[in-house]
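Trainee: Supplied in structure tokens, the structure appears directly below.
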Amino acid sequence: MGAFSRADGARHPHHPRTYEISDPEEIRAYRAVVRLGHELAGPDPVFCSCGDDTGAHPSPERDRLLDPLSPEGIPARHRARWVAAAPAAVREYAGALAAGAEDPDLPRGVPPALVFGWLGAVREEPRDAAWLLAERGPSRLLAGLPTEELAWAVRETDRAGLEGAVRFFASEEFTTRHPKRRRVPDTARDRLLRHARGHRPADLPVLERRLLRTPDDRIRRS
């Protein structure tokens, strides 16, 4: 799916420029509004100047289905599905993001290992209209945490958490930190590199370059 243009310029801050639909019911509904759009555009739709990139000519039915701000639309359904799958400790925060809050208050006391697991969880529809939220939401919770706390969480997390941890440590949220804040104890660093070798090889070169070593005995947990 392509970008959606509204006449008033309003937008959902976490709606991606492109996304996919795979649910048969949603596909049928989309095809129906495309057919309607072809009828409205007339015999020569090449010259349609609506400026939209969804593949469907503007109509009330299209707006209701594809507008990211429509509570009845496909994007809203995808966001609601993402919120429902979020861990209980972060569900209110996820709901605020899905509702369109640009920068909601961060929940307190959420273990980083849980957030790693949220980021790394397997999603049935990984490229739906909530895929950008699925990256931004957890990453914003992790971005402000000290490296030492993140490293301890790497030690404690499960496989889904390691998936999320590798994604976070290879992302700009971590790799752009000052070198002093990129020092990761050997045990955590080794776990990240091992998971990347087996499951995310594209991230391995970034991790090898940007994760600076710190002996485990230099880090103490309070």
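The values are calculated or read from the model by the stated rules, or taken from the named source; none is laboratory data. None of the values given here were measured: they were computed from a predicted structure. For neighbour counting, all protein chains shown are included, and Cβ atoms are generated from backbone atoms with ideal geometry for every residue, glycine included.
Trainee: Does Gly144 satisfy the condition of being within 30 Å of Ala10 (Cβ to Cβ), more than 13 Å from the chain's Cα centre (by Cα) and at pLDDT below 95? Talk me through it step by step, then tell me what you get.
Mentor: Details: within 30 Å of Ala10 (Cβ to Cβ): yes; more than 13 Å from the chain's Cα centre (by Cα): yes; at pLDDT below 95: yes.
Yes; evaluated as a whole, the condition is true for this residue.
Trainee: Being of a type in the set (A, V, I, L, M, F, W, C) and either at pLDDT 95 or above or part of a helix (DSSP H, G or I) (or both) is the requirement here; does Ala10 meet it? Please lay out each step first, then the result.
Mentor: Details: of a type in the set (A, V, I, L, M, F, W, C): yes; either at pLDDT 95 or above or part of a helix (DSSP H, G or I) (or both): no.
Here the answer is no, as Ala10 does not meet what is asked.
Trainee: State all residues of region 142-199 that are small (Gly, Ala, Ser) and in contact with an Asp or Glu (Cβ under 9 Å, 6 or more places away or on another chain); if no residue qualifies, say none. Show your work before the answer.
Mentor: Going residue by residue through region 142-199, those that are small (Gly, Ala, Ser) are 143-144, 151, 153, 160-161, 164-165, 170-171, 188, 196, 198.
Across region 142-199, the qualifying residues are Ala143, Ala170, Ser171, Ala188, Ala196.
Trainee: Residue pairs, Cβ under 8 Å, 6 or more apart or interchain, first in region 184-206 and in contact (Cβ under 8 Å) with a residue 24 or more places away in the chain and under 17 Å from Arg159 (Cβ atoms), second crowded, with 18+ Cβ neighbours inside 10 Å and of a type in the set (D, E, K, R). List them.
Mentor: Listed pairs, sorted by first residue: His195/Glu163; Ala196/Asp203; His199/Glu163; Arg200/Glu163; Arg200/Arg167; Asp203/Arg167.
Trainee: Going through region 70-98 one residue at a time, which ones are farther than 18 Å from Arg127 by Cα, in contact (Cβ under 8 Å) with a residue 12 or more places away in the chain and in contact with a helix residue (DSSP H, G or I) (Cβ under 8 Å, 6 or more places away or on another chain)?
Mentor: Passing the criteria: Pro87, Ala89, Val90, Tyr93, Gly95.
Trainee: Considering every residue within region 142-149, establish whether at least one is in contact with a His (Cβ under 8 Å, 6 or more places away or on another chain) and either assigned by TED's automatic domain parsing to the domain that holds Glu26 or in a helix (DSSP H, G or I) (or both).
Mentor: Within region 142-149 (the criterion being in contact with a His (Cβ under 8 Å, 6 or more places away or on another chain) and either assigned by TED's automatic domain parsing to the domain that holds Glu26 or in a helix (DSSP H, G or I) (or both)), the answer is no, since none of the residues qualifies.
Trainee: So, in region 105-133, how many residues would count as being part of a helix (DSSP H, G or I) and either of a type in the set (S, T, N, Q) or touching a Pro at 6+ places or on another chain (Cβ under 8 Å) (or both)? Show your work before the answer.
Mentor: Within region 105-133, the subset part of a helix (DSSP H, G or I) is 112-120, 131-133.
Subsequent filtering for residues that are either of a type in the set (S, T, N, Q) or touching a Pro at 6+ places or on another chain (Cβ under 8 Å) (or both) retains 114-119, 131-132.
Matching residues across region 105-133 total 8.
Trainee: Just checking, which of Leu204, Leu145, Leu192 is buried (at least 17 other Cβ atoms within 10 Å of the Cβ) and under 22 Å from Leu114 (Cβ atoms)?
Mentor: Numbers: Leu204 fails: under 22 Å from Leu114 (Cβ atoms); Leu145 fails: buried (at least 17 other Cβ atoms within 10 Å of the Cβ).
The unique qualifying residue is Leu192.
Trainee: Being at pLDDT below 95 and within 20 Å of Leu145 (Cα to Cα) narrows it down to one residue among Arg91, Arg108; which is it? I'd like the intermediate steps shown before the answer.
Mentor: Working: Arg91 fails: at pLDDT below 95.
Among Arg91, Arg108, only Arg108 is at pLDDT below 95 and within 20 Å of Leu145 (Cα to Cα).
Trainee: Just the residues that are of a type in the set (A, V, I, L, M, F, W, C) and in a helix (DSSP H, G or I), please, taken from region 150-176.
Mentor: Within region 150-176, the first condition is being of a type in the set (A, V, I, L, M, F, W, C), and the residues that meet it are 150-154, 160, 162, 165-166, 168-170, 174.
Of everything in region 150-176, those that are of a type in the set (A, V, I, L, M, F, W, C) and in a helix (DSSP H, G or I) turn out to be Leu150, Ala151, Trp152, Ala153, Val154, Ala160, Leu162, Ala165, Val166, Phe168, Phe169, Phe174.
Trainee: Just name the residue that is modelled with the lowest pLDDT out of those in region 191-222 that are farther than 14 Å from Phe169 by Cα and among the acidic types (Asp, Glu).
Mentor: Asp217
Trainee: Go through the residues of region 79-99 one by one and say whether even a single one is buried (at least 16 other Cβ atoms within 10 Å of the Cβ) and over 30 Å from Arg11 (Cα atoms).
Mentor: No: zero hits.
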